[in-house]
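Here's the structure we're looking at; comments come further down.
The values are calculated or read from the model by the stated rules, or taken from the named source; none is laboratory data. Given the structure is predicted, the values throughout are model-derived calculations rather than measurements. Reconstructed Cβ throughout: ideal geometry from the backbone, glycine too, with neighbour counts over all protein chains shown.
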Amino acid sequence: METDNDNLNDFPQLRAAGKKNPFSTPESYFDELPSVVATRIHSNKHHRINWIPRLAVIAGVLAGAVILVNWYITREAVPTTQTAYEITSEHITESGYLFEMDEHLLVEALSIESIENEFITNESEELQDFLIDNTTDINLIINEL
Amino acid sequence: MAIYDDHELLAFFREESSRNHAFNLIVRKYQQKIYYHVRRIVIDHDDANDVVQNTFIKAWQGLDNFREEARLFTWLYRIATNESLNFLKKKRTAFFIPLVNVEKQLSETLESDPLISADQLQLKLQQAILSLPERQRVVFNMRYYDEMKYEDISEVLGVTVGALKASYHHAMKKVEKFITGD
């Protein structure tokens, strides 16, 4: 044992007090302590096992929450695009570009577009009705073909 | 009861079939050293009992990862020391008690606890030890009562041997001064 640095001769009161242990325990405390510790360890073990299904439920709830949040964000994305579109339309209207444009060109473009749309969507019978209603010259159709 | 060294006990612990028995032997081997180390810090028997039980439960939980880089008894002392100091810290924060008042409480326990039997000088020595800063108190107890080597205390506290020697020497001077009443 090292004693060089803690020579008790320099500390007479400390030496007189000695190293007697003043603390005691209840009777048979040390006989019982190992089994008390073992009981606590095993009760902790069971407690841990009970946590596994709880953790599974918590994980399930969290996964559900993530899916919901993801769905909500995706759903919110559409109005955001619409807003962008509205802003662009408003911007064009306010900027006055439309007023500078030749309105005849616009009317012509819209009518061509509507006729084309009708051609695309109508069935063959409707197409025939359209040609009859507009008294289209059969020679014109043949020439176009 | 057969006496096994720490290496053998740890080998038994790693085998599933002898795990519980091995841990029981570890507790039996070290319970008294750990108990008195803790008791000198927290003073009250019931508090020491709680801290010792928690120490061994933590040891059980951590023993799988114990790689014998440190010795088993210094590892157990480290857990016990941390648990004891944390216990005192919690006691202070839970009841908003200043440091000085906790030491005063512990000092009163020394005088009133039926599980403490000390003459006047020994009582004065215990009060002197309680007047030391916590870490210095731990160093003093491990060196003075447990007669541990500085190298072992260094393993427990993670402090250099030089610093421990200086701390212990200062502690002895303070204790001597306290007892003589200077």
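Points to keep in mind about this one:
- Residues of the range B:59-84 satisfying the condition of being among the charged types (D, E, K, R) and at pLDDT 95 or above: B:Arg78, B:Glu83
- Taking the range B:121-142 as the range and being buried (at least 17 other Cβ atoms within 10 Å of the Cβ) and facing another protein chain (nearest Cβ under 7 Å) as the test, the residues that pass are B:Gln122, B:Leu125, B:Gln126.
- Tally of residues being under 12 Å from B:Phe178 (Cβ atoms) and facing chain A (nearest Cβ under 9 Å) across the range B:97-120: 0
- Inspection of the range B:58-66 identifies at least one residue that is within 7 Å of chain A (Cβ to nearest Cβ), free of Cβ contacts under 8 Å to residues at least 60 places away in the same chain and among the aromatic types (Phe, Trp, Tyr).
- Residue list for the range B:27-42, filter: touching a residue at least 12 places away in the same chain (Cβ under 8 Å), within 9 Å of another protein chain (Cβ to nearest Cβ) and under 20 Å from B:Val156 (Cβ atoms): B:Val27, B:Gln31, B:Tyr35, B:Tyr36, B:Arg40
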